[in-house]
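So the structure is just underneath, and the comments pick up after that.
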Amino acid sequence: MEFHACYSLKSHNTFGFDVRTGLFAAVDTADELQALLSDARYHTMPRLVLGGGSNMVFCGDFDGLVIHPRMGGIEKQAEDAEEVYLRAGAGVVWDDFVACAVQHGWGGAENLSFIPGRVGASPVQNIGAYGVEAKAIIHQVECILTGTGERRIFSNAECAFGYRDSVFKHAWKDRAVVTHVVFRLRKRPVLQVHYSPLADELKNYPEHSLPAVRQAIIAIRRRKLPDPAETGNAGSFFKNPVVPKATAERLAAADPQLTLYPVNDASVKLPAGRLIELAGWKGRRVGNVGVHAQQALVLVHYGGGTGNEIMALAAAIRQSVYDRFGVQLEPEVNVIGYH
């Protein structure tokens, strides 16, 4: 375990905001985490679990204890003729896990290539991209309960996965810390390439395969999304809104370029980035922050700014989109300390 007081979180959030925490504890094992959570000295302190910080907006210093899970390792837990079960530590870089799966020919994670963050965040956020969500490959989630320090395993069903949502954002929020995730992958991959940007990119590849899908997605993301090492950002800032079918059809009639993604017979998912673009925000800069010129769904920090500036920009965008389309945008990021 590694402890620091008055510790800078600038390198632990991809927006690059220069904020500090009262205490910072990096834990490498479930046993260390149990010991930390059972230590009475920290029971009255606010606590925050922070992985890669790729989905966080800090609007000020955090006056409490930040817990940084660093559990590593990817191991084969079980397998049969059709599937393999991989157990990965919460601290494993997510894209390293995807690369491992693709390298071994195990399918299911390839569409989630190049998403920033750590394995531990994947079930909390139910990360998704190009028609695939983490819930499709998560078998179970291993946690330490913050109140009792006991270990608990959540099945896929118990995680109550939804669109960018899970039980860890609701009933078990701040009550469970992910230590490992067990994934179920296919030995005979079934490629999901129906999303038009991916299908178009794959025309440049001689064959459709796990490596080709991964390479295509990485190429798309590199073209459209800014590198956090160069320009602070948290990837997609807003969720794609789900609206009644009649609303979606009305908006599509006014904008033929608006792609509709049916959710069920009554609901349709809209591309939030396109709505933001139509509202005139794509590429706009406001002080130290702005909207990315290639992907309007991404808000960026140019340096010297604060989380409050990002949230003020987000509020202006939400109001603008609502005024024009009657659609409410909901942030996908986690916000700390905003007033």
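If R0 is 35 Å, what FRET efficiency do you get for I74 and Y338 from their C-beta distance, rounded to 0.05?
E between I74 and Y338, to the nearest 0.05, is 0.50.
Got a sec to turn the phi values of the range 167-172 into Karplus ³J(HN,Hα) couplings, 6.51 cos²θ - 1.76 cosθ + 1.60 with θ = phi - 60°, whole Hz, x for Gly and Pro?
Result, ordered by residue: 5, 6, 9, 10, 4, 10 Hz.
Can you tell me what share of the DSSP beta bridges in the chain is antiparallel? A percent to the nearest 5 is fine.
80 percent
Given the peptides 112-123, 190-201, arrange them by the average over their residues of other C-beta atoms within 10 Å, most packed first.
Sorting 112-123, 190-201 by mean packing, highest first, produces 112-123, 190-201.
Percent relative contact order of the chain, based on C-alpha pairs within less than 8 angstrom and at least six residues apart?
RCO, the chain: 17 percent.
For the chain, compute the number of Lys pairs whose alpha carbons are separated by less than 27 Å, excluding pairs fewer than 8 positions apart on the same chain.
29
Sum -39500 (n - 2.57) across every DSSP H segment of at least 4 residues in the chain, then divide by the residue count to get the 222 nm mean residue ellipticity, nearest 500.
Mean residue ellipticity, 222 nm, calculated: -7000 deg cm²/dmol.
Tell me which trypsin sites (Lys or Arg not before Pro) from the range 205-281 have a DSSP coil assignment and no more than 10 other beta carbons within 10 Å of their own.
Qualifying residues, ordered by number: none.
Starting with the highest mean, order 227-235, 63-71, 75-83 by the number of other Cβ atoms within 10 Å, averaged over the residues of each peptide.
Descending mean neighbour count gives 63-71, 227-235, 75-83.
Can you classify the range 74-186 as rounded, prolate or oblate using the Cα gyration tensor, where a ≥ b ≥ c are the square roots of its eigenvalues, rounded means a/c under 1.5, and otherwise it's prolate if a/b beats b/c and oblate if not?
Prolate, because a/c is 1.5 or more and a/b exceeds b/c.
Over 10 Å intervals from 0, what percent of Cα-Cα pairs in the chain sits in each interval?
The calculated distribution, bin by bin, is 5, 24, 33, 26, 11, 1, 0.
State the Cα centre-to-centre distance between the range 274-313 and the range 86-151 in whole Å.
The range 274-313 and the range 86-151 have Cα centres spaced 28 Å from each other.
Can you tell me the dipole magnitude for the chain around its Cα centre, using point charges on the Cβ only (Lys, Arg +1; Asp, Glu -1), in Debye to the nearest 20?
Magnitude of the dipole: close to 660 debye.
Any read-out appearing in this document is the output of simple, stated calculations on the displayed coordinates, not a laboratory observation. Owing to the predicted nature of the structure, the values given are computational and were not obtained by experimental measurement. With ideal geometry, Cβ positions are generated from the backbone for all residues, glycine too; neighbour counts draw on all protein chains shown.
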